[in-house]
Amino acid sequence: AQSVTQPDAHVTVSEEDSLQLKCKYSTPWSTYLFWYVQYPQQRLQLLLKYYSGDPVVQGLNDFEAEFNKSDSSFHLRKASVHWSDSAVYFCALSAQCLSL
Ligand SMILES: *[C@@H]1O[C@H](CO)[C@@H](O)[C@H](O)[C@H]1NC(C)=O
């Protein structure tokens, strides 16, 4: 009953361009939302998470994501990308109460 969808499999941007990675979620419950990143040859790491409060969440490396309830989205964005941002980005959700 719960899912996340990342419509763009591959995103190519130029150095210093802005970046948006889309994430739409579907859940009947209140939820925790997460963005994880996996840099080449590294482990998955948490970029940021949202549960409640300010819908704009700041993360590592100048990333931020915005929770939009009416749109059921949690898009990740960065104002100016660097080549070192090349990675695999995962949107995730959990309906459980986690202690992080
Ligand atoms: C949330 O999404 C809706 C529908 O796409 C959009 O009209 C609205 O501007 C968004 N809200 C914010 C705060 O970005």
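Bear in mind these aren't lab numbers, they're just calculated from the coordinates by the rules spelled out. No experiment lies behind these values; they were computed from the predicted model shown. Glycine gets a Cβ as well: all are built from the backbone with ideal geometry, and neighbour counts include every protein chain shown.
So, Leu47, is that one closer than 12 Å to Phe90 by Cβ, assigned to a strand (DSSP E or B) and out of contact with any helix residue (DSSP H, G or I) (no Cβ under 8 Å at 6 or more places or on another chain) or not? No.
Limited to segment 6-33, what total is found for residues that are touching a strand residue (DSSP E or B) at 6+ places or on another chain (Cβ under 9 Å) and more than 15 Å from Lys69 (Cα to Cα)? Break it down into steps so the answer makes sense when it comes.
The initial filter retains those residues of segment 6-33 that are touching a strand residue (DSSP E or B) at 6+ places or on another chain (Cβ under 9 Å), namely 6-8, 11, 13, 18-27, 31-33.
Filter once more, so that each one left must be more than 15 Å from Lys69 (Cα to Cα): 6-8, 11, 13, 18-21.
Residues in segment 6-33 being touching a strand residue (DSSP E or B) at 6+ places or on another chain (Cβ under 9 Å) and more than 15 Å from Lys69 (Cα to Cα): 9 in total.
Results for (1) in contact (Cβ under 8 Å) with a residue 60 or more places away in the chain; (2) more than 15 Å from the ligand (Cβ to nearest atom), shown as yes or no for each residue.
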{"site": "Gln2", "(1), (2)": "yes, yes"}
{"site": "Leu21", "(1), (2)": "yes, yes"}
{"site": "Trp29", "(1), (2)": "yes, yes"}
{"site": "Trp35", "(1), (2)": "no, yes"}
{"site": "Gly53", "(1), (2)": "no, no"}
{"site": "Gln58", "(1), (2)": "no, yes"}
{"site": "Glu66", "(1), (2)": "no, no"}
{"site": "Trp83", "(1), (2)": "yes, yes"}
{"site": "Ser94", "(1), (2)": "yes, yes"}
